[in-house]
Structure formats: C-alpha cells, structure tokens
Amino acid sequence: MIKIDLSLFEFDENTTPEMYQAKLVSAHRAMLSVLEKNVLLEGEKALLLQKLYGKSSEKKKRSGKLPETPELLQQVFDEAVVDTDDTSADTENEELNSEPISENADLDSAVSNALLSEPIDKNTPASKRGRKRLPNHFIRENVIHDLSDAEKQCACGCQLSKIGEEVSEQLEVIPAQLKVLRHVRYKYACRGCEEGVKIAPVPAQPIPKGIPTAGLLSHVCVSKYDDHLPLYRQAEIWQRLGVDLSRSTLSSWVLQVGALLQPLIPLLQNHLVQSGYVKADETTTQVLREPDRAATSTSYMWLYMTGNSLNPAIVYEYQATRQGEHAVTFLKGFKG
C-alpha cells in the first residue's frame, strides 16, 4: 500500500501558481521515492526466494523471476557486479543512499521506466545456450573413424568417393606425470699436472639440497591456498602417484616458501598504500604454541586489499589483537 501525505494536495485562495507547482513536484518526488522502495523490496524478495528454493550454485544466474530493474537498482542485488566492480558499485550505492531522490534525475527516470515497463512473461522460453568451444590452445589428436573397404563399395558397383567429414570434439585428461630432473655436473682436471679439479657450480634452488623444484613448490602452495586442498590430502595424492611425501615434509616446504616470499610483502604493502582505495577487515583465528599466550587465546588475521580491479593486491597480516593501531601502522602514509 502506497501512503502519501495528503497535505501536499491542499490548496486555498492564498496558494500562488509557484506554490501549486512546488507542491505537485514534491508529491511526484514522494511517489517516486515510495515506488522505488517497492521495486527494491520486490528485487530483494526474489533474491531471497532464489537463495532459499533455487538451484544451489556458486554463481548466481539471472532468471526471469527477477524483476527487470534498471542498472542503477540492479547493482544492489547483483553480487557478481558488486564483487568485480567494487569502486563503481560502492559509489553508486552511496549516491542512492545519501542524495535525495529529487536531485537525481537519472534515477527518477530509471525508476519510472522500471515501473512502467511491462512484466516479464514467465512462459517465455529461455534463450538457448550452445556448448562453448574447447580452447584452441589444447592439443588436438585426431581419432579417425572410417568405413571398411567393403562398405566403400556402392550398390551400383562404383567406388564411393570421400565428399567431406564430420568432426566432434571430446575433452580428455592426462593424469599428472612426474619426472626427475638429474643435475649432472661434469668434472674437469688437468692430466699434465694432475692438480685442481673444476666442476660447474650448483644452480640456485628454492630449498638448498632439497628435492622439490620451484614448480613443485608452486603446485603444493596453489593446491593448499587456492584449491583449498589440505596437506594431508595432498600427501595421499602423492602416495597414489608412488611418491612418499609426508604431511610434515609438505608443511616444511610451505613454511620455507613463506620465508622466500617475505620480501614481496613490503612491496605489496607499498602498492596498497599508494592506491587510492583500500579495504580492510579482520577475522578471528587460533594459534597453537604461541610464546607467552595460552592455546585458547583469540588472535586476529587482518586483511588488506585494493578496492579497484586494476593491479589488485591482497595482504594478510597476523596480529594478537584487533586494535585499530594495527591498521594505522600498516596503512601509514595512505591518502584516499
């Protein structure tokens, strides 16, 4: 039900044309404000119903059940847009919440168009989605299916001629293949004086005297932090491949990789400080065997990330408390 202050329509003999016009404009703006709220509530209702009863998916798809709202209003409920276009979405939402609707002519027009547009026909069939072509950079292997020589003989006695072909593609996977890099260093000596032996130096390795290459270390870390594959599960996978890598060994590798990446943290921090938009938040965590603290103590992991999509950066920083001084210290020199 739409409720509008009826005093806006009260006039007397002292009402001037200017006052009459001003009241009409105010009534129009009040109606648009109420209708805008109704549109937003309808969209929010549809989104909640989709979350409760719709198909479970990590990527929310637009369906005909959602109201056909303008772009300015649609961003409020489009999670994908909010996540990817952080700067534009936040700015536009702030404008919707802070500025009076009367000062935004584009929004007035957008709300009017949304309310006057015809409802979506639920019986309209969805557009067909074709299967996406497999990436071109994948290696293609042809599997030829040909007729036998007897089948190439026509009933009239003539030999059939090839006039074309039909091609269909399937995706095949090759299980992980391991190889051992054998670093062979030749030794050289002088047979004349038989003094001094020369040998090529050992190339720099991420973990000296260790068996993992840089590629293997990257694979372990990406599997753990990006694919959310715990180290004990990775150990089981390596066991199936015939390699005995214990969880403790993998854990030691991850710690050493963290030490190798330490010089990147100040560079990322400087990149964050130099950007004009930074997001920060903290979440609780528990650390075992922390010096001078009980194992049940609550600690915090601070997260800092750039707010724009150009050259994004994320930095995690561990702190024992959630005091604001940690953010002040980390973002020292930030202007934005």
For the stretch 171-191, how many residues meet the condition of being aliphatic (A, V, I, L, M) and free of Cβ contacts under 8 Å to residues at least 12 places away in the same chain? 5
Filtered residues of the stretch 284-308 (kept if surrounded by fewer than 10 Cβ atoms within 10 Å (Cβ to Cβ) and over 24 Å from Leu331 (Cα atoms)): Leu288, Arg289, Pro291, Asp292, Ala294, Ala295, Thr296
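To keep it simple, each residue is scored yes or no on (1) over 30 Å from Val243 (Cα atoms); (2) of a type in the set (Val, Ile, Thr).
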residue	(1), (2)
Lys132	yes, no
Val143	yes, yes
Gly157	yes, no
Gly164	yes, no
Val167	yes, yes
Gln170	yes, no
Ala176	no, no
Ala214	no, no
Since Lys224 meets every condition but one in (1) among the basic types (Lys, Arg); (2) at pLDDT 95 or above; (3) exposed (fewer than 11 other Cβ atoms within 10 Å of the Cβ), which condition does it not meet? (3)
Among what's in the stretch 44-57 and is among the small types (Gly, Ala, Ser) and modelled with pLDDT under 85, pick the residue that is surrounded by the fewest Cβ atoms within 10 Å (Cβ to Cβ). Ser56
Scan the stretch 202-224 and report the pairs whose first residue is among the small types (Gly, Ala, Ser) and whose second residue is part of a helix (DSSP H, G or I), with Cβ atoms within less than 6 Å and a gap of 6+ or a chain change. Ser223/Gln234
Of all residues in the stretch 277-315, how many are under 21 Å from the mean Cα position of the chain (by Cα) and among the small types (Gly, Ala, Ser)? 4
Which pairs turn up if I take residues in the stretch 306-320 that are touching a residue at least 40 places away in the same chain (Cβ under 8 Å) and look for partners that are among the small types (Gly, Ala, Ser) and surrounded by 14 or more Cβ atoms within 10 Å (Cβ to Cβ) with beta carbon separation below 9 Å, at least 6 apart in sequence or on another chain? Gly307/Ser275; Asn308/Ser275; Asn311/Ser275; Ala313/Ser275
Based on this model, can you work out whether Leu250 counts as free of Cβ contacts under 8 Å to residues at least 60 places away in the same chain, part of a helix (DSSP H, G or I) and surrounded by 13 or more Cβ atoms within 10 Å (Cβ to Cβ)? yes
Which of the residues that make up the stretch 127-153 are in a loop (DSSP other than H, G, I, E, B) and either surrounded by 10 or more Cβ atoms within 10 Å (Cβ to Cβ) or touching a Lys or Arg at 6+ places or on another chain (Cβ under 6 Å) (or both)? Leu134, Phe138, Leu147, Lys152
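The values are calculated or read from the model by the stated rules, or taken from the named source; none is laboratory data. The shown structure was predicted, so the numbers you read here are calculated from the model rather than taken from an experiment. As a convention, Cβ positions derive from the backbone with ideal geometry for all residues, glycine included, and neighbour counts pool all protein chains shown.
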